[in-house]
Protein chains: 2
Amino acid sequence: MSAAADERAVLAANEAFYRAFAAKDVAAMEAVWAGTAPVACIHPGWQALAGRDPVLASWRAILTSASSPRIACLGAKATVHGDFAYVICYERVEGGYLIATNLFVRETGAWKMVHHQAGPASAPDDITEPPAPTAPTVH
Amino acid sequence: MSAAADERAVLAANEAFYRAFAAKDVAAMEAVWAGTAPVACIHPGWQALAGRDPVLASWRAILTSASSPRIACLGAKATVHGDFAYVICYERVEGGYLIATNLFVRETGAWKMVHHQAGPASAPDDITEPPAPTAPTVH
């Protein structure tokens, strides 16, 4: 696979993570994370979680909570080093922005998340926001 | 190199980062970061920095500032995937704790930092603190 194709595949895996998060889809979230490689996760303000069971339990708790935040990923950039990759991106949540580092490994041919850290950030100034939804135009 | 030796070498590179930080040693900090691989850095509350020049400029500004924080690294755990590795650790600073993800690549045989993200964390409850300095015992 070419470097550009690897980057696209990593960004697609990153998008799958945020799609599962936004849709509160526990099964899709479980599929995003590596099944064999050791995984870890640092939610904003939490201690580090290590191991697939604690990490996925945290996601089940977040996704099934009534206060699960609305989230959108912006400005994702992927860097690939062989079978390992990281993505840096902003997360727009209610009340502001977070910034995240997401790590992936290639596992049985697919890019799988092995670590996620998100923390508070100032608003990105070099990212074009998707346009806000507007009322339908009358043609 | 065995997996255990790789982990030790990665943890040594991580310690070199915090030693440079604590000693405000700009040259040592420059030596910690990769010279060829693309680098990035997310300081707490900042936007992401990308590229060796902006990242090292940020460290020069931090290390030469009168308000540069005192810092100690605690509970570092390394995970190695081939020529890529990440360390999760706590940072004890004045006023509380941060938690960090530090990424390393093997570059011309040595582990070099390619990314650092630190953000606020609750106090670690599973880490033994080094003992506080005490007055010399009279023998």
So how far, in whole Å, is the C-alpha centre of region B:93-123 from the one of region B:1-53? 7
Return A:86, B:90, B:97, A:18 ranked ascending by Cβ neighbour count within 10 Å, so the fewest neighbours appear first. B:97, A:18, B:90, A:86
Averaged across the residues of A:40-52, what count of C-beta atoms belonging to other chains lies within 10 Å of each residue's C-beta? 4
Taking 0.36 nm per residue of separation and subtracting the Cα-Cα distance, what length does fully extending residue A:12 through residue A:83 add? 24.0 nm
Linear extension gain, residue B:62 paired with residue B:125, 0.36 nm per residue minus alpha-carbon span: 19.8 nm
Cα centre as origin, Lys/Arg/Asp/Glu Cβ charges: region A:3-121 dipole, Debye: 160
Mean separation of Cα contacts under 8 Å, 6 or more apart, over the residue count of chain A: relative contact order %: 24
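Quick one: A:26, A:32, fewest Cβ neighbours within 10 Å first, how do they rank?
Going from sparsest to densest Cβ surroundings: A:26, A:32.
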Computed from every Cα-Cα pair in the protein assembly as shown, P(r) in 10 Å bins starting at 0 and rounded to whole percents is 6, 28, 36, 21, 6, 2, 1, 0, 0, 0
Can you give the translational diffusion coefficient of region B:1-74 in µm²/s, computed by Stokes-Einstein from the Kirkwood radius over Cα pairs at 20 °C and 1.002 mPa s? 161
Can you find, among A:38, A:16, A:104, the residue farthest towards the positive end of the dipole of region A:3-121? Put +1 on the C-beta of Lys and Arg, -1 on that of Asp and Glu. A:16
Anyone know which of B:93, B:105, B:39 comes out most mobile in the 10 Å Cα GNM of chain B? B:93
Lysines within cross-link reach of residue B:77: Cα-Cα under 22 Å, excluding same-chain residues under 8 positions apart? A:112, B:112
Determine the shielding of peptide A:71-77 by partner chains: average, over its residues, the number of Cβ atoms on other chains within 10 angstrom of each Cβ. 1
Which distances, in nm and shortest first, link the residue A:31 label point to the same label point in every other copy, taking 7 Å along Cα→Cβ? 4.9
The alpha-carbon pair-distance distribution computed for chain B, with 10 angstrom bins and whole-percent values, is 11, 41, 33, 11, 3, 0
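No value in this document is a laboratory result; all are computed from the given coordinates. Being a predicted model, the structure only gives us computed values, none of them experimental. Here the Cβ is made from the backbone with ideal geometry for all residues, glycine too, and neighbour counts use every protein chain on show.
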